[in-house]
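Colleague: Sending over a structure as structure tokens; questions will come in a sec.
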Amino acid sequence: MTSIIKDTQSIKEAVTFINAIDVNKFSRLISRIIQKLHLKGERTFSEEEEQKLQTALSLDKQALDLVLETTAFILEQAVYHNVKPASLQQQLEAVHLDPDKAEVFSQCWATSGPELVEGLKLNIFAPKKLDYVGWQLNLQMAQSSQARLKSPSAVLQLGLRKEDSEAQENVFVEFKHQELLEFYNKLEIVQGQLDTLT
């Protein structure tokens, strides 16, 4: 399996900070992050809690932010790629996370991961939701420069609605045969990825 965690400079710095945190404190930290990750627009910790964390973990604000963001990123990648706990642990150890911290990650992912996946499934990541699909088939038989022409096309009408609004916005997309086939194949790929999450 391809690694979901790239060994970037940011990851290296975060791993250094995480490795310095007491394993019990890290376990509580990651549990809190995983509980709040699916909540849209809500911070994991308040300003006051972050100040207390800085003291408790002996990290400055920038280092704490990096640890929180990196931990959340790794969990989001685990959700997106539907990674098994053992694989997650191996990949974390491959980027030099201490084995005990990697095991904490893996255990939290094993116990809370399915609940996180369900919570994230309910979230709408895009600002608009597909509400309606309509279609029509057009056939152009001639044009001014060509007397005999047979050019079929399909027009899809996509009714989009914002999550907090009843007003529908219609988007019309015209496809020639090959374009429609390519679009269909991409939808099949998306469907396959969604199926792996269920």
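The values are calculated or read from the model by the stated rules, or taken from the named source; none is laboratory data. Computed from a prediction, not measured in an experiment: that's the story for all the values here. When we count neighbours, we look across all protein chains shown, and the Cβ atoms used for this are built from the backbone with ideal geometry, even at glycine. Ligands, DNA and RNA are excluded from the accessible area calculation, which covers all protein heavy atoms including side chains. Shrake-Rupley method; radii C 1.70, N 1.55, O 1.52, S 1.80 Å.
Colleague: Could you point to the residue in 172, 5, 122 farthest towards the positive end of the chain's charge dipole, with +1 and -1 charges on the Cβ of Lys/Arg and Asp/Glu respectively?
Modeller: Checking the options against the dipole of the chain, the answer is 172.
Colleague: Under 20 °C and 1.002 mPa s, how fast does the chain diffuse according to Stokes-Einstein, given a Kirkwood radius computed over C-alpha pairs? Answer in µm²/s, whole number.
Modeller: Details: Rh = 20.4 Å.
For the chosen part, D equals 105 µm²/s.
Colleague: Mind ordering 133-145, 110-122, 22-34 by average Cβ neighbours within 10 Å, highest first?
Modeller: Values: 133-145: 9.4, 110-122: 14.7, 22-34: 16.8.
Put in order of decreasing packing, that is 22-34, 110-122, 133-145.
Colleague: Here's something else I'd like to know. Just how large is the dipole of the chain about the Cα centre, in debye to the nearest 20, putting +1 at every Lys and Arg Cβ and -1 at every Asp and Glu Cβ? Mind dumping the intermediate values first?
Modeller: Details: 21 positive and 28 negative charges, 136 e Å.
The calculation lands at about 660 debye.
Colleague: Same structure again: With every protein chain present, what accessible area does residue 17 have (1.4 Å probe, heavy atoms only), rounded to the nearest 10 Å²?
Modeller: 70 Å²
Colleague: Just the number please: accessible area per residue for the chain, 1.4 Å probe, all protein chains included, in Å².
Modeller: 66 Å²
Colleague: Sequence-distant or interchain residues sharing an amide H contact under 5 Å with residue 131, placed H: which?
Modeller: For residue 131, whose amide H was placed from the backbone, the distant partners under 5 Å are 159, 160, 161.
Colleague: Using each residue's phi in region 82-90, evaluate 6.51 cos²θ - 1.76 cosθ + 1.60 at θ = phi - 60° and report the 3J(HN,Hα) Karplus result to the nearest Hz, with x for Gly and Pro.
Modeller: 6, 7, 6, x, 5, 5, 4, 4, 4
Colleague: Would you work out if region 158-198 is rounded, prolate or oblate? Take a ≥ b ≥ c from the square roots of the eigenvalues of the alpha-carbon gyration tensor; rounded if a/c is under 1.5, else prolate when a/b is larger than b/c, oblate otherwise.
Modeller: Working: a/c = 6.51, a/b = 1.21, b/c = 5.38.
Oblate, since a/c reaches 1.5 and b/c is not below a/b.
Colleague: Can you tally the net charge around residue 194? Count Lys and Arg as +1, Asp and Glu as -1, for every other residue whose Cβ sits under 12 Å from the Cβ of residue 194. Mind showing how you got there, number by number?
Modeller: Details: positive: 121; negative: 188, 195.
Neighbour charge sum, excluding residue 194 itself: -1.
Colleague: Provide the packing ranking of 67-73, 47-53, i.e. peptides ordered by the mean count of other C-beta atoms within 10 Å per residue, highest first.
Modeller: Going from most to least packed, we get 67-73, 47-53.
Colleague: Can you give the local net charge around residue 138? Use residues other than it whose beta-carbon is closer than 13 angstrom to its beta-carbon, Lys and Arg +1, Asp and Glu -1. Don't skip to the end; give the middle numbers.
Modeller: Details: positive: 150, 176; negative: 174.
So the environment of residue 138 carries a net charge of +1.
Colleague: Per residue, how much space in cubic angstrom lies within the convex hull of the C-alpha atoms of region 93-198? Please report the intermediate quantities before stating the final value.
Modeller: On the way: hull volume 19.0 nm³, N = 106.
Value for region 93-198: 180 Å³ per residue.
Colleague: Whole-Hz Karplus ³J(HN,Hα) for region 170-182, in order, using 6.51 cos²θ - 1.76 cosθ + 1.60 and θ = phi - 60°, x for Gly and Pro?
Modeller: Values, residue by residue: 9, 10, 10, 10, 9, 10, 7, 4, 5, 5, 5, 5, 5 Hz.
Colleague: For the chain, what relative contact order do you get, as a whole percent, if you take Cα pairs closer than 8 Å and at least 6 residues apart? Walk me through the numbers before you get to the answer.
Modeller: On the way: 210 pairs, mean separation 36.0, N = 198.
Averaging sequence separation for qualifying contacts and normalising by length gives 18 percent for the chain.
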